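Visitor: This is the structure I want to talk about, given as structure tokens.
The values are calculated or read from the model by the stated rules, or taken from the named source; none is laboratory data. All values reported here derive from a predicted model rather than from experimental measurement. Don't worry about glycine lacking a Cβ; one is built from the backbone with ideal geometry, like all the others, and counts go over all protein chains shown. Accessible surface is based on the protein model in full, side chains and every heavy atom, while ligands, DNA and RNA are left aside. Shrake-Rupley method; radii C 1.70, N 1.55, O 1.52, S 1.80 Å.
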Amino acid sequence: MSFLDVMSCGFGAIVLLYIMMIHVQEPAIKNVNREQLSEMRKLDFEVDQGQQNLTQLAEQLDETKRRLDEATKRRLAILAQLSERREEASQQEAQTLAQREDLAKLQADVQARQEDVKRLEAKAAASEGTKARSFVGEGDRQYLTGLKIGGAHILLALDTSASMLDDTIVNVIRRKNMDDQTKKDSPKWRRAVRTTEWLAAQFPLDSQFQIYTFAESTKSAVDGTDGNWIDVSNAKDLERAVNGVKAAVPKGGTSLINLATAAAALSPPPDNIYIITDGLPTLGKGAARGATVTGRQRLDLFHEATKVFPKKVPINVIMLPLEGDPIASASYWELAQSTTGAYLVPSKDWP
């Protein structure tokens, strides 16, 4: 056998051995690669799951932050509402306290008024029988503050001119042409008569009085007593005076100076004069000089008459205003004030 054959055989053996080793190692390598691949796939899956979980966690975190922001806003809103409620509760508590104080004051005032009523009722009961004449409803009509019916000699004068038929000039003209009974039934005249009755009912029993009606002339409501005082204690004469007023019919103009002259002629002079009228005079001592009289002339007639009234005697005026005579109220108010008397414009439901 040649050397070449030996080398060829040896080389072939080495190749055969190498081939056999490759066939033996290939399954092991495949097994190793399969396990690594499985591990890698598992890791890849876990990575994918981790990324998905991370995404979900990020979304949950964002949702949590959003809800936290909303909760914070709601908390701030609730705190603001709570602050407002507390402030409102504080204000209501203060109002309640003030209302309680007002209620306490009102209750004290009511109690004081009730005590005043009781005192007045007791006073009225004690003075029962000291009046010569009664007036229906007078207990509810003693609210004319400042009008005091008193004095030893009291003069009450009622305006019986045509203007006392109504509050408006048009209706005065219309009523002037009606019959006497219709004139007596006119609302304004009935108020004037009832006012006279109310005043007469307040005369002190130990005083003397005189009731004059004045229009173009002045006369006593009791015939035959002009210039004389009448005892209030004489109930019949007082009733005659009131009936004389009820029998009067409003007509003609108004002369205030004739009333002032009659008042000055009384002896002794009156302690109080009460005049029920509706406006300035339209006449002087005599008859009218013309068919009409201006406002300036009426005011002059008024001032002329005021100079004739007895001095230092309170003149109290109850005014039933007439349309178109705006100066009358101010003039009579000034007269009442200058003589320390009272001036009243009563409501239409009085007395």
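Visitor: Taking the condition at pLDDT below 80 and aliphatic (A, V, I, L, M), does Val110 pass?
Guide: For Val110, the condition - at pLDDT below 80 and aliphatic (A, V, I, L, M) - is not met.
Visitor: For the subset of segment 227-236 comprising residues that are free of Cβ contacts under 8 Å to residues at least 60 places away in the same chain and in contact with a helix residue (DSSP H, G or I) (Cβ under 8 Å, 6 or more places away or on another chain), which member is least open to solvent (accessible area, probe 1.4 Å)?
Guide: Ile230
Visitor: Filter segment 237-281 for residues that are among the small types (Gly, Ala, Ser) and part of a loop (DSSP other than H, G, I, E, B); which is most open to solvent (accessible area, probe 1.4 Å)?
Guide: Checking each candidate, the answer is Ser267.
Visitor: Could you list, in sequence order, the residues of segment 319-337 that are in a helix (DSSP H, G or I), open to solvent by less than 90 Å² (accessible area, probe 1.4 Å) and either of a type in the set (A, V, I, L, M, F, W, C) or without any contact (Cβ under 8 Å) to a residue 12 or more places away in the chain (or both)?
Guide: Within segment 319-337, Ile327, Ala328, Ala330, Leu335, Ala336 qualify.
Visitor: Further, regarding this structure: Of (1) out of contact with any helix residue (DSSP H, G or I) (no Cβ under 7 Å at 6 or more places or on another chain); (2) among the aliphatic types (A, V, I, L, M); (3) touching a residue at least 40 places away in the same chain (Cβ under 8 Å); (4) open to solvent by 10 Å² or more (accessible area, probe 1.4 Å), Val193 satisfies all except one. Which?
Guide: Condition not satisfied by Val193: (1).
Visitor: Kindly check whether there is at least one residue in segment 45-67 that is under 57 Å from the mean Cα position of the chain (by Cα) and open to solvent by 100 Å² or more (accessible area, probe 1.4 Å).
Guide: Scanning segment 45-67 turns up at least one residue that is under 57 Å from the mean Cα position of the chain (by Cα) and open to solvent by 100 Å² or more (accessible area, probe 1.4 Å).
Visitor: Collect the residues in segment 282-291 that are at pLDDT below 80 and under 48 Å from the mean Cα position of the chain (by Cα), keeping them in residue-number order.
Guide: Listed by number, the list holds a single entry, Ala291.
Visitor: Out of the residues in segment 158-179 that are among the hydrophobic types (A, V, I, L, M, F, W, C) and in contact with an Asp or Glu (Cβ under 8 Å, 6 or more places away or on another chain), state the one that is modelled with the lowest pLDDT.
Guide: Selected residue: Ile169.
Visitor: Which numbered condition trips up Gly224, out of (1) open to solvent by 10 Å² or more (accessible area, probe 1.4 Å); (2) free of Cβ contacts under 8 Å to residues at least 24 places away in the same chain; (3) part of a loop (DSSP other than H, G, I, E, B); (4) touching a strand residue (DSSP E or B) at 6+ places or on another chain (Cβ under 8 Å)?
Guide: Result: Gly224 passes all but (4).
Visitor: Looking at this structure, is Asp300 crowded, with 16+ Cβ neighbours inside 10 Å and charged (D, E, K, R)?
Guide: No, not satisfied.
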